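Q: Dropping the structure in here first, questions after.
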Amino acid sequence: MRRTLIKGGRIVTAVDDYVGDLLLEDGRIEAIGRTLDADDAEVHDAAGLLVMPGGVDVHVHMETPMGDGVETCDSFETGTISAAFGGTTTIVDFAQQFRGESPKTALDRRLASAEAQCVIDFGFHSILTDVNPSALAELPDLVNNDGVSSIKLYMAYPDVLMVDDADIYRTMRKVGDHGGMVNLHAENGVVIQAMIEEALEAGNTSPKYHQLTRPQLMEGEATHRVIRIAELAEVPVYIVHLSAKEALDAVVEARDRGIPAFAETCPHYLFLDKSEYDRPGFDAAKFVMTPPLRDHDCQQALWRGLKFDDLQIVSTDHCPFCFNEKAHGLLKSKQLGKDDFSKIPNGAPGVEFRLPLLFDGGVREGRINLNRFVQLIATAPAKMFGLFPRKGTIAVGSDADIVLFDPQEKHILSADTHHSNVDYSLFEGREVTGRVKKVFSRGELIVDGEEWLGKTGRGRFQKRSASGRIL
Ligand code: URP
Ligand code: ZN
């Protein structure tokens, strides 16, 4: 029996805030009390620290193939070590069906690699790129028995990932009755493709054209459209990486009418804006993620959405490609698009900085309170995606995924000190207050200050129950 006592910390959940002790036993939270004793326990003094549930990041892309040999530069191992140092103890990544492939085969392939490498617990969303009758027929079992209760579809990237509205409707109808939810990348892919062609024909090849060819209006249009399709199909719907105020307006409008429409945003949309694309030379390619960074006034709208629960979750969309070819080769780098913005691999890193950024810019700046912070980074994602109450809170019987967080410590976010394979940070040089000090995953201390104590492959696959049934 392994016992750990965390003493005298400020225990914060989505609803609680008090000073007390936690006893962890055999990977679970055994007891919570004002003062607890356990002779044989390893004791950790948490005086002055916040004791929070481990973060749950439901949007990451580790070792993800993007076609033609292009792949994100974090393995399941490096990506989850980076996540752990940032206070995240569970990720939900993706099992993408290749055209003609069975969704279950895609899941098995990703599971094999993740089980061998992940250092924290993990689950998968399924991605369908080929919505055919046999793929659809597998979905109820995937949702009910394989623990994959969310299916992601793309309204963007025609001829690569995009599916049409009829296939979105068919997928929704198929999973809705079984406790499944469809997650959407909501942008109007065909109009965007026409704009990209227009830009290239005019000789406009620099990274800033990534932003100029993916207008906010086309995110708003797709978000509105897909919520209406979900309304017709009578299933909950979840919009990933929402960035534009026009898209948020569509979510707010639907929620006001009682439609179960949910959405996440990401730290880069909260803290950065499209002015990053004015950087000289190719440097702007670091910010080529989809959707792109937006008008400055979107930030205020997103913060308001987080505060009033029109946005329920902050995830990272960690999708790392190195800036320089030298670090991990051309196929894992932004340099692929040196002469053509449309060839820059889409995606940016961030899995390690979610908690400190949101604490510093959210809680310390007075935009959200501490309970809401925990809700956004741990409790709501766990509830939304069928991991609660095993994950996402501090309660007797829950997994002992615990973060000790110093709310006063200042530190600098930098690629020089982060733990991802990626060679740059969107937030390079930013000073934040609030730092992850210790991380326990199922009761095991895996991060102790700068020290990594976890073992490769210790993470466990999490079968998830129903998604989107939180109203
Ligand atoms: O730019 C991004 N977000 N890349 C990852 C794939 C996606 O669109 O989510
Ligand atoms: Zn993504």
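Q: Only one of (1) open to solvent by less than 50 Å² (accessible area, probe 1.4 Å); (2) touching a Ser or Thr at 6+ places or on another chain (Cβ under 9 Å); (3) farther than 19 Å from Gln117 by Cα fails for Gly454. Which number is that?
A: Condition (3) is where Gly454 drops out.
Q: Just to verify a result, which residue in segment 170-188, among those that are free of Cβ contacts under 8 Å to residues at least 60 places away in the same chain and part of a strand (DSSP E or B), is nearest to ligand 2 (Cβ to nearest atom)?
A: Asn183
Q: Against the condition in contact with a helix residue (DSSP H, G or I) (Cβ under 7 Å, 6 or more places away or on another chain), part of a loop (DSSP other than H, G, I, E, B) and open to solvent by less than 10 Å² (accessible area, probe 1.4 Å), how does Met62 come out, does it pass? Outline the logic, then answer.
A: Numbers: in contact with a helix residue (DSSP H, G or I) (Cβ under 7 Å, 6 or more places away or on another chain): yes; part of a loop (DSSP other than H, G, I, E, B): yes; open to solvent by less than 10 Å² (accessible area, probe 1.4 Å): yes.
The answer is yes for Met62.
Q: Take the residues in segment 65-78 that are assigned to a loop (DSSP other than H, G, I, E, B) and of a type in the set (S, T, N, Q); name whichever of them is nearest to ligand 2 (Cβ to nearest atom). First the steps, then the outcome.
A: Filtering segment 65-78 down to residues assigned to a loop (DSSP other than H, G, I, E, B) leaves 66-70, 72-75.
Right, trim to of a type in the set (S, T, N, Q) and you get 72, 75.
Working: Thr72: 10, Ser75: 17 Å.
Restricting to residues being assigned to a loop (DSSP other than H, G, I, E, B) and of a type in the set (S, T, N, Q), the top hit is Thr72.
Q: Which condition does Ala285 not pass, out of (1) farther than 30 Å from Thr90 by Cβ; (2) open to solvent by 30 Å² or more (accessible area, probe 1.4 Å), if it passes all the others?
A: If we test Ala285 against (1) farther than 30 Å from Thr90 by Cβ; (2) open to solvent by 30 Å² or more (accessible area, probe 1.4 Å), just (2) comes out false.
Q: Now for a separate question. Can you find even one residue in segment 322-334 that is among the basic types (Lys, Arg), in contact (Cβ under 8 Å) with a residue 12 or more places away in the chain, within 24 Å of Gln193 (Cβ to Cβ) and open to solvent by less than 10 Å² (accessible area, probe 1.4 Å)? Don't jump to the end; show me each part of the working.
A: So the first thing to find is which residues in segment 322-334 are among the basic types (Lys, Arg), and the list is 326, 332, 334.
Filter once more, so that each one left must be in contact (Cβ under 8 Å) with a residue 12 or more places away in the chain: 332, 334.
From the residues that got through so far, the ones that are within 24 Å of Gln193 (Cβ to Cβ) too are 334.
With the extra rule that they be open to solvent by less than 10 Å² (accessible area, probe 1.4 Å), the set shrinks to 334.
Yes.
Q: For His185, work out the one condition from (1) open to solvent by less than 10 Å² (accessible area, probe 1.4 Å); (2) more than 13 Å from ligand 1 (Cβ to nearest atom); (3) within 16 Å of Gln97 (Cα to Cα) it doesn't fulfil.
A: (2)
Q: Here is a further query. For segment 114-154, give me each residue that is assigned to a helix (DSSP H, G or I) and either closer than 16 Å to Met181 by Cβ or over 22 Å from the mean Cα position of the chain (by Cα) (or both).
A: Of segment 114-154, the ones assigned to a helix (DSSP H, G or I) are 114-117, 133-144.
Selection gives Pro133, Ser134, Ala135, Leu136, Ala137, Glu138, Leu139, Pro140, Asp141, Leu142, Val143, Asn144.
Q: If you don't mind, another one. Take the residues of segment 285-305 that are in contact with a strand residue (DSSP E or B) (Cβ under 7 Å, 6 or more places away or on another chain) and aliphatic (A, V, I, L, M): which is farthest from ligand 1 (Cβ to nearest atom)?
A: This residue is Leu302.
Q: Quick one: in segment 144-160, which of the residues that are without any contact (Cβ under 8 Å) to a residue 60 or more places away in the chain and of a type outside the set (Ser, Thr, Tyr) is nearest to His241 (Cα to Cα)? Working first, answer last.
A: Of all residues in segment 144-160, those without any contact (Cβ under 8 Å) to a residue 60 or more places away in the chain come to 144-145, 151, 153-154, 157-159.
Now drop any that are not of a type outside the set (Ser, Thr, Tyr), which leaves 144-145, 151, 153, 158-159.
Details: Asn144: 26, Asn145: 28, Ile151: 15, Leu153: 13, Pro158: 19, Asp159: 21 Å.
The qualifying residue nearest to His241 (Cα to Cα) is Leu153.
Q: Can you find even one residue in segment 94-108 that is closer than 20 Å to Arg458 by Cα, over 21 Å from the mean Cα position of the chain (by Cα) and open to solvent by 30 Å² or more (accessible area, probe 1.4 Å)?
A: Scanning segment 94-108 turns up at least one residue that is closer than 20 Å to Arg458 by Cα, over 21 Å from the mean Cα position of the chain (by Cα) and open to solvent by 30 Å² or more (accessible area, probe 1.4 Å).
Q: A further question on this structure: Can you spot a residue in segment 40-57 that is more than 25 Å from the chain's Cα centre (by Cα), modelled with pLDDT under 95 and more than 16 Å from ligand 2 (Cβ to nearest atom)?
A: Yes, there is a match, as at least one residue in segment 40-57 is more than 25 Å from the chain's Cα centre (by Cα), modelled with pLDDT under 95 and more than 16 Å from ligand 2 (Cβ to nearest atom).
Q: Given the conditions (1) open to solvent by less than 40 Å² (accessible area, probe 1.4 Å); (2) within 16 Å of ligand 1 (Cβ to nearest atom), report the number of the one that Leu376 does not fulfil.
A: Against the list (1) open to solvent by less than 40 Å² (accessible area, probe 1.4 Å); (2) within 16 Å of ligand 1 (Cβ to nearest atom), Leu376 comes up short only on (2).
Q: With respect to the numbered conditions (1) under 28 Å from Glu444 (Cβ atoms); (2) open to solvent by less than 10 Å² (accessible area, probe 1.4 Å); (3) within 16 Å of ligand 1 (Cβ to nearest atom), which one is the sole condition not fulfilled by Ala348?
A: Result: Ala348 passes all but (1).
Q: Of the numbered conditions (1) under 24 Å from Ser414 (Cβ atoms); (2) hydrophobic (A, V, I, L, M, F, W, C); (3) modelled with pLDDT of 95 or more, Ala327 fails exactly one; give the number of that condition.
A: Looking at each condition in turn, Ala327 falls short on (3).
Q: Can you tell me which of Leu111, Leu107 is assigned to a helix (DSSP H, G or I) and within 23 Å of Lys174 (Cα to Cα)? Let's see the steps before the verdict.
A: Working: Leu111 fails: within 23 Å of Lys174 (Cα to Cα).
The unique qualifying residue is Leu107.
Q: Follow-up. Scan segment 29-50 for residues that are among the acidic types (Asp, Glu) and closer than 27 Å to Ala14 by Cβ and jot them down. Don't jump to the end; show me each part of the working.
A: Narrowing segment 29-50 to residues among the acidic types (Asp, Glu): 30, 37, 39-40, 42, 45.
If the condition is that a residue be among the acidic types (Asp, Glu) and closer than 27 Å to Ala14 by Cβ, then Glu30, Asp45 are the ones that fit.
Q: Need at least 2 residues that are more than 17 Å from the chain's Cα centre (by Cα) per element, so show me which helices (runs of 4 or more DSSP H) inside segment 277-381 make the cut, counting only ones lying wholly within it. If you could, list the steps in order and put the result at the bottom.
A: Working: elements: 297-307, 325-328, 354-358, 370-374.
Ranges flagged: 297-307, 325-328, 370-374.
Q: Provide a single number: the residues in segment 230-279 that are over 19 Å from Trp303 (Cβ atoms), open to solvent by 30 Å² or more (accessible area, probe 1.4 Å) and within 16 Å of ligand 1 (Cβ to nearest atom).
A: The total comes to 0.
Q: Within segment 338-354, does at least one residue satisfy the condition of being acidic (Asp, Glu), closer than 25 Å to Phe94 by Cα and within 16 Å of ligand 2 (Cβ to nearest atom)? If you could, list the steps in order and put the result at the bottom.
A: Step one: list which residues in segment 338-354 are acidic (Asp, Glu), which gives 339-340, 352.
Filter once more, so that each one left must be closer than 25 Å to Phe94 by Cα: 352.
Keeping just the survivors that are within 16 Å of ligand 2 (Cβ to nearest atom) gives none.
Scanning segment 338-354, I find no residue that is acidic (Asp, Glu), closer than 25 Å to Phe94 by Cα and within 16 Å of ligand 2 (Cβ to nearest atom), so the answer is no.
Q: Which of the following residues is surrounded by 15 or more Cβ atoms within 10 Å (Cβ to Cβ) and within 16 Å of Phe94 (Cα to Cα): Ala156, Ala114?
A: Working: Ala156 fails: within 16 Å of Phe94 (Cα to Cα).
It is Ala114.
Q: Being buried (at least 21 other Cβ atoms within 10 Å of the Cβ), over 25 Å from Leu355 (Cα atoms) and within 16 Å of ligand 2 (Cβ to nearest atom): is that true of Glu219 here?
A: Values: buried (at least 21 other Cβ atoms within 10 Å of the Cβ): yes; over 25 Å from Leu355 (Cα atoms): yes; within 16 Å of ligand 2 (Cβ to nearest atom): yes.
Against the criterion (buried (at least 21 other Cβ atoms within 10 Å of the Cβ), over 25 Å from Leu355 (Cα atoms) and within 16 Å of ligand 2 (Cβ to nearest atom)), Glu219 qualifies.
The values are calculated or read from the model by the stated rules, or taken from the named source; none is laboratory data. No experiment lies behind these values; they were computed from the predicted model shown. Positions of Cβ are generated from backbone atoms using ideal geometry, with glycine treated the same way; all protein chains shown enter the neighbour counts. Accessible surface areas use protein heavy atoms only, side chains included; no ligands, DNA or RNA. Shrake-Rupley method; radii C 1.70, N 1.55, O 1.52, S 1.80 Å.
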